[in-house]
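Presented below is the structure to which this report refers.
The values are calculated or read from the model by the stated rules, or taken from the named source; none is laboratory data. Model, not experiment: these values are computed from the prediction. Cβ atoms come from the backbone with ideal geometry, glycine included; neighbour counts cover every protein chain shown. Side chains included, ligands, DNA and RNA excluded: accessible areas come from the protein's heavy atoms. Shrake-Rupley method; radii C 1.70, N 1.55, O 1.52, S 1.80 Å.
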Amino acid sequence: MSLTRDLVRLIRAKPVSEEDLRWSALFVLDTLCCALGALKTEPARMLRAVAPPESGDTARRAFYLGGLAHILEMDDLHRQSVVHPGSVVIPAAWALAEERNLGGLAFLKAVLAGYEACCRVGMAVGKAHYRIWHNTSTCGPFGSAMASAELIGLTEDEAVWALGNAGTQSSGLWEFLAAGAMSKHLHTARAAESGVLAALLAKEGFTGSDRILEGEKGFFAGLCPDPVPAAVTADPEAPWELVRTSIKPWPCCRHTHPTIDAAIALHGELKGAVPARITVGTYQAALDVCDRPQPEDPYSAKFSLQHCVAIALMDGRVVQSSFGPEARARAAELRKKVEIARSPSIDAAYPDAWGADVSVETTDGRKFNALRRACKGDPENPVTSAELAVKGRMLLTEGGMTPAEADGFIASVEALTEDRPVASLGLFRRGEAPVVKRRSA
């Protein structure tokens, strides 16, 4: 026996309810809207130039859609594993389900399975892994491979081989942040593609290690200084990990979101009072990734606790334009007043809870405070289907759809729970431009 085989069996033994399928469809909608909202960006142009979706190559389509989904920094996040599962699992599952003309129910079940695999592996890597490795990129291939295995009907042995070969492709380093490079989009693109390739190879009899996780020269040994192997199969009766995943309301690194949530609340209390000092207490991983006092471009601003708290306090909201040159210049003086530090109590709760404690002292001596143990979009304070539709409509119109076309697309994705064929949405029409075949309401 092996951890990989145990994981496959655990996933295939979990019951799927109608409510689970409804949640799966909501996360599919969120991921697709994140991807399509990025179509007009320069990274999207580059991805399309290298991996044109009209080529018909299923793995390349997964690569393209996986890269798109991560560009805007609005894709979902599973806190306990620190993985963005949607931008890896859903592109892989979509590419295969469309190519094979599969129905919505099979697709949504495969998405549940894929989330389960990458999130359970992610919960087992330990905290030290994240200091060097991007969990989404290293754990994501397990999720895309598991979703693909379900869609193409792999046997148990074949599914184990697929996960073994997905794991041997695990990669993705944080060094890109130092230069503000685009590698993060490549991380999700390759993780999605790797899982598809691993599953298709397994179908042909291409074997993979059944001890890729716990083996002497396996994933944990190579990439994880403090792994927790038991987490892979712990609590098998728990709800699907997909329903424990957070949806982002703001277009920036999820580590900044508890701080943003608290700062937006304080904006309403300040009523125009001028902050003299701002202090942020948070967990160490947020400091490791998002301690950026003076961001010089939109991408680094999305990874700056200082900028995010400053702009949220000033405007009472955070949107895409909050990271542009005008917003960065406007928040420059306030950013200088921000002090960030590790909070022992908040750090101890991570990664089960991602929190922040924000305090503001004004120039007239008044003090304000807001504490967040969870923030908007977390399972404890979830985004509603109506709120998700608002987010989706905003993203789709930014990507080039009219409001009516956006509403039609949202309705089409929601209809997947009625077993609507995935291909009927026309996400990849060969030879058409734009990538999405627009639908009217």
Residue in segment 13-30 that is surrounded by 18 or more Cβ atoms within 10 Å (Cβ to Cβ), touching a helix residue (DSSP H, G or I) at 6+ places or on another chain (Cβ under 8 Å), of a type in the set (Lys, Arg) and part of a helix (DSSP H, G or I) present: no
Tabulated pairs, segment 90-112, first closer than 21 Å to Arg244 by Cα, second outside any helix (DSSP H, G or I) and among the aliphatic types (A, V, I, L, M), C-beta under 6 angstrom, 6+ apart or interchain: Lys109/Val16
Test: residue in segment 239-248 that is open to solvent by 40 Å² or more (accessible area, probe 1.4 Å) and of a type in the set (Phe, Trp, Tyr): no
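Residue-by-condition table, conditions (1) of a type outside the set (A, V, I, L, M, F, W, C); (2) closer than 30 Å to Leu36 by Cβ:
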residue: Asp288; (1), (2): yes, no
residue: Ser300; (1), (2): yes, yes
residue: Val318; (1), (2): no, yes
residue: Cys375; (1), (2): no, yes
Criterion violated by Leu266 - all others in (1) open to solvent by less than 10 Å² (accessible area, probe 1.4 Å); (2) at pLDDT 95 or above; (3) within 24 Å of Asn135 (Cα to Cα) satisfied: (3)
Every residue from segment 342-368 that is polar (S, T, N, Q) and in contact (Cβ under 8 Å) with a residue 60 or more places away in the chain: Ser343, Ser359, Thr362, Thr363
Count - residues of segment 31-51 that are open to solvent by less than 40 Å² (accessible area, probe 1.4 Å) and part of a helix (DSSP H, G or I): 10
Top-ranked residue of segment 271-299 - restricted to ones that are more than 23 Å from the chain's Cα centre (by Cα) and among the polar types (S, T, N, Q), ranked as least open to solvent (accessible area, probe 1.4 Å): Thr279
Which numbered condition Pro382 fails, given (1) open to solvent by less than 50 Å² (accessible area, probe 1.4 Å); (2) closer than 30 Å to Phe27 by Cβ; (3) in a loop (DSSP other than H, G, I, E, B): (1)
In segment 300-333, the residues that are touching a residue at least 40 places away in the same chain (Cβ under 8 Å), surrounded by fewer than 20 Cβ atoms within 10 Å (Cβ to Cβ) and in a helix (DSSP H, G or I): Ser300, Met314, Asp315, Gln320
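Yes/no per residue for (1) of a type outside the set (Val, Ile, Thr); (2) in a loop (DSSP other than H, G, I, E, B); (3) more than 16 Å from the chain's Cα centre (by Cα):
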residue	(1), (2), (3)
Ser209	yes, yes, yes
Lys217	yes, yes, yes
Asp226	yes, yes, yes
Leu242	yes, no, no
Cys252	yes, yes, no
His255	yes, no, no
Where Ala181 falls short, out of the listed (1) closer than 27 Å to Trp354 by Cα; (2) in a helix (DSSP H, G or I): (2)
Residue within segment 332-352 that is at pLDDT below 95, among the charged types (D, E, K, R) and at negative phi present: yes
Output for segment 172-192, where each listed residue is without any contact (Cβ under 8 Å) to a residue 60 or more places away in the chain and on the phi < 0 side of the Ramachandran plot: Leu173, Glu175, Phe176, Ala178, Ala179, Ala181, Ser183
Every pair of residues 6+ apart whose Cβ atoms lie under 6 Å, when the first sits in segment 393-408 and is modelled with pLDDT of 95 or more while the second is part of a loop (DSSP other than H, G, I, E, B) and surrounded by 18 or more Cβ atoms within 10 Å (Cβ to Cβ): none
Residue list for segment 52-85, restricted to those being over 23 Å from Arg131 (Cα atoms) and outside any helix (DSSP H, G or I): Pro52, Gly56, Asp57
Single match in Gly140, Gly114, Gly103, Gly153 (criterion: in contact with a Phe, Trp or Tyr (Cβ under 9 Å, 6 or more places away or on another chain) and modelled with pLDDT of 95 or more): Gly114
